[in-house]
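The structure under discussion appears below in the form of structure tokens.
Any read-out appearing in this document is the output of simple, stated calculations on the displayed coordinates, not a laboratory observation. Fair warning: this is a prediction, and the values are worked out from it, not measured in the lab. Reconstructed Cβ throughout: ideal geometry from the backbone, glycine too, with neighbour counts over all protein chains shown.
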Amino acid sequence: MIFTPVPRDIPLPLPASPELLHVLLVVAFIAHILFVNLMVGGSILVLGCELRGFGKPDYDRLARELAVTVTVNKSLAVVLGVAPLLLINVLYTIHFYTANALTGTAWILLIPAIATAFLLLYLHKYTWDRLADHKWIHVGILAIAVALFLAIPLVFLANVNLMMFPDRWTGIRGFVSALLLPNVFPRYFHFLCASLIVTSLFGVWYFGRATYPIESKFTSFTRPAIRRIFYSVAFMVSLVQFVVGPLVLFTLPARGLHPNMVFVILLGAIMALPAVWMMWKELSVREPHGERLRYIVAYLSMTVACMAIGRHMYRETALAEHREQMLVATQQWVLASEQAAHDRETGQALAATGVSPGQAHFQSTCGACHARDHRLVGPPLTEIATIYAGDPEGIVSWARAPGKKRADAPQMPAFASLGDEKLASIAAYMLEAGATP
Amino acid sequence: MDLPVFHLDFLNNRMLIAIIAVLHVVINHGMAVGGIPLIAYLERRGLRTGDGAWDKLAFQILSVFFIVTTTIGALTGVGIWLSASLVNPYAIGSLIRVFFWTWFVEWLVFVTEVALILAYTLTWKTWIGPRKQAHVKLGVVLAIASWATMALIVSILGFMMDPGSWHSDRTLFSGMLNPLYLPQLAFRTPLAMLMAGSFGLVIVPWVTERGSQLRTEAIRTIGRWMLAWTIPCVLGGLWYIRAVPDAMANNLAVALLTQALEGWANTAIRVLMGACLVITGIALWAARWPKSIRPPVLVTPAILAIVLLGTFERVREFVRKPYAIAGYLYSNGLRVDDYPLLQRDGILTHATYTTVRRVTPDNQIAAGREVFNLACTRCHTVDGVNGIRDVLARMYGDDSAWNSEAIVGYVGAMHEIRPFMPPFPGNEAEKRALAAFLVSLQFERDVIEGAQVTGVEAPPRPTSPDPAPIFVAI
């Protein structure tokens, strides 16, 4: 039987209103993921362009120019990742840390992996001329970085996915089992497509700007030609996205689905339609002028906003009930903890005020299951005093190694380790307390 | 208890954080907080003297710092976060509830810092001539932003050691303005400047020609820079030492050298002081006789500074034990307030994730193993770094079989005998089970794999607490 764990939360209040924190999380995440898109998509496109550059040198120059933006965007991607990490830690502390621990090896390997990818990007950028006669080595450096950028998102996705499904936590054995949960891989391909689209549109803008010195950088590429290259990528990958997107929606575990959330996601998808149509229009002339870019970006921004909000709604729905259960468990824990602390102090105080040691020991040790005159877990003292009248030694023997006389009561644990002296004082008290009317 | 137990049984969980964090601090002190002021200073030198060579030197140093800070520097910063979340999620989880806004503001400053260092580096070659003045100013603004990130985070570090009035106030500012805050900042700021100088000394011979006027002048300048910051560093250090709570200062000997070498504490302190004097001596040499100083000597302050900083961070983290957050949370991740409950009912009773729910005569070793996993693995491994087998062998030798009763007695009192140890967070039965497990380790090497490998089990928790056989008083 699968038992969904209900851990207790950190018993400290949230640092701000949940609504504010949720808004900050969605906004901060959008900023982060856009730059991650530019970093991953950019690296892939640089690689693609550099490979095409073997046949056509202007592609090599395009790759080089684009590479400059990738090293800038990577730094912004990392620093913008701090806020969503902080917010997710605060809002979903237990869920996120659980996923982190269960995928811990891969999770911590992110650090050397990303650092290495970044160093390789710099190496790639700064050895362009030096390795001009060793192109395959140069491409190889970037290929390793791209391979890392293709693997790294899987670790993040496995984590943000696993955190949403507490019923799966006890079934995980290491990172790979978390990776194979639904619906990590569809989301991964969705992300990769988005990265290519975002970077391509960025390319349309970056190289199409009037202030960009296109003539000094390229021999045959013109602004419209470069726009065409990037619009083509954006358009084709968008078509793929219209397959991958629905796949993501379809494979999402039912736990987090809600009509509102589906509506928001579909709204986002619909917003993308005019954007893709406009990409097509841009491509339908020989020299794309880029005038529609701002509208494409405007529509896709709405898509991104809807998707970001929708995925947040999904997570909230998936976790709502579990978080309520956790809240109850946390409250019970804090109460039990305070009670135990109080009992300890009282026990110590009582011992000091002349309450018999027997009574103090009884209360702290036995009182949880044996009340004076009614059944709690085991029989009440009145009954015990009748059974063992005049025979405290009998109580001690029983307590040392209880048998099982009652079918309707749970097995009493053994208390031999209390020691005979304490047991004797408890027994004496029990007989006395159980006998008095 | 409420989270799967990530564990590295060879490297030790603390070492994971230590490697990442010390690397991060070395980089951010030496190449950002201290590095940027040094570079801005050199750039201004170039502007004032009209000597382009200074400008070029400053840019070359910046290039090295830029590459390292935006790759390893940035990622180890995130790495502290990720590793702390794995190794002591209760500590970091609690801290972010208290200090969320501190970290949020710090993040805003980080974004500013990254944007500024990108701008500073990428406009160096284009903001020339009349725009140079503006570029120098940009460097100054960047230096302030870098320092601000340190100023914010140090408040949290200080809090962990002495929360001050937060115990009663429980507000953000009472937490930030803790007794350690200003002393630690007064120490770290000049320290960062010194480290930057020591890294500068390493880079200068690399990018200047041997025997050149520039090399001589650069070494002299950086030597003077380091000397200027030496006295403030010493004063800040003394202030900081005085602010460390007494109970924690007593842990210093073990903190420095581990238990095995406790007796050498005084020697260790002398060695460290010696290292500081060597750094100062080399700085003086560089400042007075820059022509005569050779690259192997120039590299020495940087190496010593890294060792010293690593030692300082280790000591700072260790003397805080048995607490992760003094008075609130022990290093084992358990709250001080929860101890009466845990010591009455047992930790196995209440743990969300455990392979054993209750100790029975048949499962002593398995139960003891789980107790060890839940209560001890934040700091101990079985047979790796700070392995419990080594600890026990040191305590009880290998000549005779380890005595279970003796271990039970020790575990119950270890927080009194070794002040850096937290009290045992379980009941009597669990103490015995733990002892059984530990005794079994004498002749059989066991290894505890973390939840990141084994996964977790989550048997139902009992709704009513199991009455404990013994009522333990602290």
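What the table shows:
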{"read-out": "Separation in nanometres of the label points that stand 7 Å from Cα toward Cβ, at B:W289 and B:M15", "value": "4.2"}
{"read-out": "Positive-end extreme of charge dipole, the stretch A:242-400 - chosen from A:C366, A:L293, A:A254 (charges on Cβ)", "value": "A:L293"}
{"read-out": "Part-to-part distance (alpha-carbon centres) for the stretch B:395-409 and the stretch A:331-351, which is given in Å", "value": "34"}
{"read-out": "Contour excess over end-to-end distance, with Cα ends at A:V23 and A:T127 and 0.36 nm allotted per residue", "value": "33.2 nm"}
{"read-out": "Burial order of peptide ranges B:266-279, B:84-97, B:11-24 (average beta-carbon count within 10 Å, highest first)", "value": "B:84-97, B:11-24, B:266-279"}
{"read-out": "Check: the protein assembly as shown dipole with +1 on Lys, Arg Cβ and -1 on Asp, Glu Cβ, in debye", "value": "3900"}
{"read-out": "Net length gained if the chain between A:E321 and A:L180 were fully extended (0.36 nm per residue, minus Cα distance)", "value": "48.3 nm"}
{"read-out": "Net length gained if the chain between A:V334 and A:I270 were fully extended (0.36 nm per residue, minus Cα distance)", "value": "18.2 nm"}
{"read-out": "Debye, to nearest 20: dipole size of the stretch B:337-454, +1 on Lys, Arg Cβ, -1 on Asp, Glu Cβ", "value": "120"}
{"read-out": "Quotient of C-alpha Rg and 2.2 N^0.38 Å, computed over the stretch B:337-454", "value": "1.00"}
{"read-out": "Shielding by partners, peptide A:22-33 (average Cβ within 10 angstrom, other chains)", "value": "0"}
{"read-out": "Under Karplus coefficients 6.51, -1.76 and 1.60, residue-wise ³J(HN,Hα) of the stretch B:102-114 in Hz, glycine/proline x", "value": "4, 5, 5, 5, 4, 4, 4, 5, 4, 4, 4, 4, 5"}
{"read-out": "Net charge of Cβ neighbours under 14 Å - reference B:F59; Lys, Arg +1; Asp, Glu -1", "value": "+2"}
{"read-out": "Estimated distance in nm for a label pair at A:H134 and B:I231, the labels positioned 7 Å out from Cα along Cα-to-Cβ", "value": "5.3"}
{"read-out": "Fluctuation leader among A:P15, A:P274, A:P379 - chain A, Gaussian network, Cα springs under 10 angstrom", "value": "A:P379"}
{"read-out": "Prolate/oblate/rounded call for the protein assembly as shown, Cα gyration tensor, a/c under 1.5 rounded", "value": "oblate"}
{"read-out": "Tensor-based shape of the stretch A:18-317 (alpha-carbon gyration tensor, a/c under 1.5 rounded, otherwise prolate or oblate)", "value": "oblate"}
{"read-out": "Percentage relative contact order, the stretch A:40-98, counting C-alpha pairs under 8 Å, at least six apart", "value": "24"}
{"read-out": "Förster-model FRET efficiency, 60 Å R0, A:M236 and B:D383, C-beta, rounded to 0.05", "value": "0.60"}
{"read-out": "Among A:E345, A:E215, A:E65: highest mean-square fluctuation, GNM of chain A, C-alpha pairs under 10 Å", "value": "A:E345"}
{"read-out": "Relative contact order (%) - criterion: Cα under 8 Å, at least six apart; region: the stretch A:355-435", "value": "41"}
{"read-out": "Inter-chain Cβ neighbour average for residues A:3-14, partner chain, 10 Å", "value": "6"}
{"read-out": "Cα-projected label distance for B:A119 with A:R286, points at 7 Å along beta-carbon direction, nm", "value": "4.4"}
{"read-out": "The stretch A:355-435 shape via C-alpha gyration tensor axes, a/c threshold 1.5", "value": "rounded"}
{"read-out": "For the stretch B:13-330: relative contact order, % (alpha-carbon pairs under 8 angstrom, 6 or more apart)", "value": "21"}
{"read-out": "Distance from the stretch B:66-94 to the stretch B:123-199 (C-alpha centre basis), Å", "value": "18"}
{"read-out": "Cα centroid separation, the stretch B:305-346 to the stretch A:58-88 (Å)", "value": "38"}
